[in-house]
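Student: Attaching a single structure in structure tokens format; questions to follow.
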Amino acid sequence: MKIMIRVPNWVGDAVMAEPALRQLRRTFGEAQITFVARPWVAGLFDGENLYDEMLPVIDTSGVLSSTQQFIHDVRLLKQQQFDCGILLTNSFGTALRARLAGVGHLAGYATDGRGALLHTVVPFEPEYRTRHQVFYYLNLAAVVDRRLAQASRTDLPNPQPQLHATPESLAAAQRLLAAEGIATVDHPPSAISSKPSAINSEATTVTQFSIGKAQPSAADKPEAAAFVQSRKPQAASRKRLLVLNPGATNSRAKQWLAERFAAVADQVAERDGLHSLIIGTAGDVERANEVARLMRTQVVNLAGRTSIAELKGVLSLAALLISNDTGAAHVAAALGVPTIVVFGPTEHFATRPLAAKVAIMRHAVECSPCMLKDCPIDHRCMTGVETDEVYAAAKRLLLMSDK
């Protein structure tokens with residue numbers, strides 16, 4: 001049996017879909033599974049043992065180019081002669097491509113007016129708008145499990161996305177850092193595993209430090225501990241790397257202030273001896289350069305210089321990531337890296353990284369979440385998040401990791 005799975009187009013969504021993808025791999029263990037994915041997402045699943053073949057599909061702009069790409073995609077899918085197609089995307093276009101390609105049985109949500117194109121329409125859960133997005137994908141996997149495989153093996157309670165850096169991605173990351181004068185002297189043994197782990201059915205505890213009404217619980221206040229003080233280390237172990245992700249593709253509203261990213265990185269470097277790295281996509285280079293210029297302490301800027309597979313390697317070597325609400329935050333959390341995410345205009349309850357060592361920083365205002373890409377007023381949801389609050393969260397996560 002040949003099965004096509006169309007994975008989400010964005011890195012964060014793809015990470016949140018990982019538990020569902022893992023369940024589908026278990027459901028169709030004897031089948032040949034092909035992922036169809038955008039190139040910037042495809043490498044995310046390297047070494048995860050979730051698929052047998054990867055078919056990358058590219059984005060185009062302009063009517064002519066888009067039409068030509070559409071025809072190319074249909075022909076590509078038709079050549080594969082898939083018996084079944086599972087759509088984790090929501091668009092009409094992905095369903096139309098699969099249907100015109102003659103995919104045998106097409107399953108997905110009836111979003112974007114595409115219900116008539118589907119053979120199996122997956123019903124929405126009653127509370128799907130108020131639950132974490134990981135359950136949106138898992139519900140689809142559960143329905144496919146029951147209706148197509150005549151089984152009921154999907155574990156739903158509180159799953160956490162799990163990723164692993166391959167030895168190749170770790171080696172690539174270490175080469176990148178070595179070229180910048182950073183010699184990583186160790187890495188976590190779990191990071192080099194290429195075998196998928198079972199989905200954790202236990203309750204997920206997300207450490208949340210919100211500014212304003214919500215206060216950290218007593219459990220979030222570990223005892224003080226000493227840190228190695230080092231302004232400019234010559235070698236950096238996994239425990240000494242701070243990664244910053246100050247950009248947010250196509251959304252200025254999601255970007256915390258550049259000067260505050262710089263300030264908190266300087267605090268962590270000066271007080272806790274961590275070496276700073278900046279990451280980001282090609283579209284984040286300008287923002288990354290701005291943060292680097294504003295920093296007093298040493299920093300290596302890798303923005304626009306890593307593939308998604310290499311990014312997994314870089315993040316797996318980190319002691320801490322400080323990020324806006326972007327895909328990199330989800331990748332780091334799924335790798336088990338302590339992660340701070342600054343939220344503003346987006347829905348933190350539905351799209352926060354679902355992992356144990358995650359701190360959500362937000363300033364509750366009346367206009368959030370607005371989901372806008374540009375703030376029409378004073379960006380109060382982001383300006384309300386102070387440097388000292390983020391540093392305090394960083395200190396707590398670092399202390400938790402050192403225990």
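Student: Along the Cα→Cβ direction, 7 angstrom out, place labels at residue 81 and residue 180. What is the inter-label distance in nm?
Tutor: Once both label points are built, they end up 4.9 nm from each other.
Student: Given the pairs 373/395; 2/254; 312/395; 2/357, which span a C-alpha to C-alpha distance of over 28 angstrom in this model?
Tutor: Pairs exceeding 28 Å: 373/395; 2/254; 2/357.
Student: Let me ask another. List the residues whose amide H sits under 5 Å from the amide H of residue 299, counting only those 5 or more places along or on another chain, with H placed 1.01 Å from N in the peptide plane.
Tutor: Excluding prolines and chain starts, which carry no amide H, there are no hits.
Student: Quick one: length gained pulling residue 72 to residue 383 fully straight, 0.36 nm per residue minus the C-alpha distance?
Tutor: Result: 107.4 nm gained on full extension.
Student: Ok, one more. Output wanted: per-residue J couplings in Hz (rounded whole) for region 89-104, from phi through Karplus 6.51 cos²θ - 1.76 cosθ + 1.60, θ = phi - 60°, x for Gly and Pro.
Tutor: Each residue of region 89-104 in turn: 8, 10, 7, 5, x, 5, 5, 5, 4, 5, 5, 5, 7, x, 4, x Hz.
Student: Putting +1 on Lys and Arg Cβ atoms and -1 on Asp and Glu Cβ atoms, find which of 138, 103, 35 reaches farthest to the positive end of the dipole of region 2-147.
Tutor: Of 138, 103, 35, it is 103.
Student: Another one. Could you list which residues have their amide H under 5 Å from that of residue 122, counting only those 5 or more apart in sequence or on another chain, with H placed in the peptide plane?
Tutor: 108, 109, 110
Student: At what distance in nm do the modelled label points of residue 124 and residue 400 sit from each other, each positioned 7 Å from its Cα along Cα→Cβ?
Tutor: Taking the simple label geometry, residue 124 and residue 400 are separated by 3.2 nm.
Student: Next up: Rounded to whole Å, give me the distance from the Cα center of region 70-105 to that of region 242-299.
Tutor: Taking the Cα centre of each part, region 70-105 and region 242-299 sit 40 Å apart.
Student: Mind listing the phi-derived Karplus ³J(HN,Hα) values for region 347-364, rounded to whole Hz, using 6.51, -1.76 and 1.60 with θ = phi - 60°, and x for any glycine or proline?
Tutor: Couplings: 8, 5, 5, 9, 10, 5, x, 9, 7, 6, 9, 10, 10, 9, 9, 8, 10, 5 Hz.
Student: Within 10 Å, count the other beta carbons around each residue, average over each peptide in 126-136, 106-116, and list them highest first.
Tutor: Put in order of decreasing packing, that is 106-116, 126-136.
Student: When ranked by the protection proxy of mean other Cβ atoms within 10 Å per residue, highest first, what sequence do the peptides 24-35, 84-95, 328-339 form?
Tutor: 328-339, 84-95, 24-35
Student: Sticking with this one: How large is the charge dipole for region 49-114, taken about the Cα centre, if only the Cβ atoms of Lys, Arg (+1) and Asp, Glu (-1) carry charge, to the nearest 20 debye?
Tutor: 240 debye
Student: From the phi of every residue in region 276-287, what ³J(HN,Hα) in whole Hz does the Karplus formula 6.51 cos²θ - 1.76 cosθ + 1.60 yield, where θ is phi - 60° and glycine or proline is x?
Tutor: For region 276-287, the Karplus curve yields 9, 10, 10, 10, x, 7, 4, x, 9, 4, 4, 5 Hz.
Student: How large is the dipole of region 268-317 about the Cα centre if only Lys and Arg carry +1 and Asp and Glu carry -1, each at its Cβ, rounded to the nearest 20 debye?
Tutor: 40 debye
Student: With only Lys, Arg, Asp and Glu charged, each at its Cβ (+1 for the first two, -1 for the last two), find how big the charge dipole of region 2-147 is about the Cα centre; round to the nearest 20 debye.
Tutor: With Lys and Arg at +1 and Asp and Glu at -1, about 360 debye.
Taken together, the values in this text are just the output of simple stated rules run on the coordinates, not laboratory data. Computed from a prediction, not measured in an experiment: that's the story for all the values here. Reconstructed Cβ throughout: ideal geometry from the backbone, glycine too, with neighbour counts over all protein chains shown.
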